[in-house]
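In what follows, a single structure is set out as structure tokens and then discussed.
FYI, it's all coordinate maths here, none of it is from the lab. Every value quoted in this text rests on a predicted model; they were computed, and no experiment measured them. Glycine gets a Cβ as well: all are built from the backbone with ideal geometry, and neighbour counts include every protein chain shown.
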Amino acid sequence: MAVESSLSRKIFAGPRLKRLRREREITQARMAEELDVSASYLNLMERNQRPITVQVLIRLADVYGVDPREFMEGGAEQAIGEMEQMLADPVLRDMGVPRSELQDAAEHAPALVAAMQKLYRAYNAAREASEAGLPQRADPDRTEAIMRESPVDRIRAVLHAQRNYFAELDQAAETFASDLALTGHELFFALCEHLRAKHGIRVRVLPLEVMGERLRWYDHHRRQLMISEVMDIPGRTFQAAYQLAFTDCDTLLNETAAKFDMGDEAGRKLLRVTLANYFAGAIMMPYGKFHEAAELVGYDVEVLAARFGASYEQVAHRLTTLSRPTARGIPFFLVRVDSAGNVSKRFSSGRFPFAHFGGTCPLWNVHAAFTEPGHILTQVFELTDGSRWFSIARTVRRAITPFGAIEPRFAIGLGCEMKYATRLIYAKRLDLNTVEAVPIGINCRLCERPACPQRAAPPVLRPLHVDEQTRGVSPFSFKDL
């Protein structure tokens, strides 16, 4: 098992082990018996006084059906990184919370940490609304305004908690894809025929002058799904599969969405849209076949796009969803940025510490991709915590742009921890033991690297140092704490 080769370090995950036991509502004595260890040794593991052994990890998988890597991945480290971002806020940075207390909170009170993150997102949304001059909706029974996080932030929180994986949707999509493949037709035609034969829905590709700015429009009364001609074949197929999610899996969408408290109608609708998009991608790239192909071709995004009739962005997105316990792929992260550095998408099936506010580090090659459109750039970078990552970046197009219209420009950054890089076609020609890593940060305000020539702002957790007689490569210098 791959678990054994990954245990070069001791695994201390006692609080996670204890949470599993409490979730299953079993006693220490019973779990000890089922894991074939003594109750006293289980007690020591739960208190992090003994590491979790390979044998125990294997028994956890056999007895409780959990993925051993859930105990090996740095979930606590990710939570700590997110709390450090919160504590870097000017309102909180004077608190001086030591990292040891953040570690305790992440390990022993994850639900409390999640509640604090939700509260901070709501606070930040209210602050942004205030700065924009937007009034907050008031509660008629209270004098103060209500702080609400945006539906987009709530969706991102759900995807983060799920590691961008929804098992029921994947299984349903895999079944549908298998049935559609039996028709012998290419997928777009098979989807159109299914919608027509089963639901009386006609799929039409219409000219630009009819569709205008709409890429897709479903007319419920006329039973027509209209798709703009400016969409390429992968885009048209995706839109037809998206419609299938609502016609054939509406109950499943509702059941899945009901598991999460979205707060309001806008949030619930946006979650259903997100789940339908997930289903559409899974129809185009069925989990089992896609995972097998990805491993076979070394996660070559362009080859996978050609094989499954998908776009580069669709494949990159799908690669972040491969978290099935019995067939897990590389835990990728994905970020999509525009030429101004604004982040419009971020997904992760691992532990990459995204900045929840602000842009990304300009030294990351996702920004350099705009200088070489259509080319894949590779990079090894190191974050301030010492973790090393492998990244590829490429520009993407979303649809054909008519002459004279503004063409949206995006770049996709796709990456993973260095320990997985040997499985990537993009790293085959690199000596990963000697390649020099580019030192980057999460973003400028959370990065404490000195003398960075790209620094746009001083780090919020360090006192600014102003020297009238000296000018370095960075416009800001700061003091050590």
Bin all alpha-carbon pair distances of the range 183-295 at 5 Å intervals from 0 and give each bin's fraction as a whole percent. 2, 11, 18, 21, 20, 14, 9, 3, 1
Difference of contour (0.36 nm per residue) and Cα-Cα distance, E295 to A327: 10.5 nm
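With all distinct Cα pairs included, what does the Kirkwood hydrodynamic radius of the range 364-450 come out to in Å, to one decimal, could you say?
Roughly 14.5 Å, rounded to one decimal.
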Taking θ as phi - 60°, what are the ³J(HN,Hα) couplings along the range 432-442 by the Karplus curve (6.51, -1.76, 1.60), each to the nearest whole Hz, with x for Gly and Pro? 5, 7, 10, 4, 7, 7, 7, x, 10, x, 5
Would you mind checking which residues have amide H under 5 Å from R202's amide H? H placed 1.01 Å from N; only 5 or more apart, or other chain. Q224, L225
May I ask you to list, by number, the DSSP H helices of the chain whose Cα span along the axis is at least 20 Å and whose average Kyte-Doolittle hydropathy reaches -0.5 or more? 110-131, 167-181, 233-248, 265-284
Checking the a/c ratio against 1.5 first, then a/b against b/c, what shape does the Cα gyration tensor give for the range 328-397? rounded
Cα-centred dipole magnitude for the chain, charges only on beta-carbon of K, R (+1) and D, E (-1), debye, nearest 20: 280 debye
Can you compute the FRET efficiency between R388 and D261 using 1/(1 + (r/R0)^6), with r the Cβ-Cβ distance and R0 = 35 Å? Round to the nearest 0.05. 0.40
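Which of the residue pairs K289/K345; K18/K289; K289/K419; K18/K345; K198/K345 have a Cα-Cα distance greater than 29 Å in the structure shown?
Values: K289/K345 25 Å; K18/K289 36 Å; K289/K419 24 Å; K18/K345 34 Å; K198/K345 34 Å.
Among K289/K345; K18/K289; K289/K419; K18/K345; K198/K345, the Cα-Cα distance tops 29 Å for K18/K289; K18/K345; K198/K345.
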In nm, the gap between the two label points placed 7 Å beyond Cα toward Cβ at T371 and R397 is 2.3 nm
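Under the √(5λ) rule applied to the eigenvalues of the Cα gyration tensor, what semi-axes describe the equivalent ellipsoid of the chain? Give them in Å, descending.
On the way: eigenvalues 270, 191, 130 Å².
Rounded to whole Å, the semi-axes are 37, 31, 25.
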With label points built 7 Å along Cα→Cβ from the Cα atoms of K269 and A181, find their separation and express it in nm. 3.6 nm
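Using packing as a proxy for protection, rank 373-385, 237-249 so that the peptide with the highest average count of other Cβ atoms within 10 Å comes first.
Values: 373-385: 15.9, 237-249: 21.9.
My ranking of the peptides, most packed first, is 237-249, 373-385.
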Given a Förster distance of 56 angstrom, what is the FRET efficiency for E407 paired with E23, based on the Cβ-Cβ distance and rounded to 0.05? 0.70
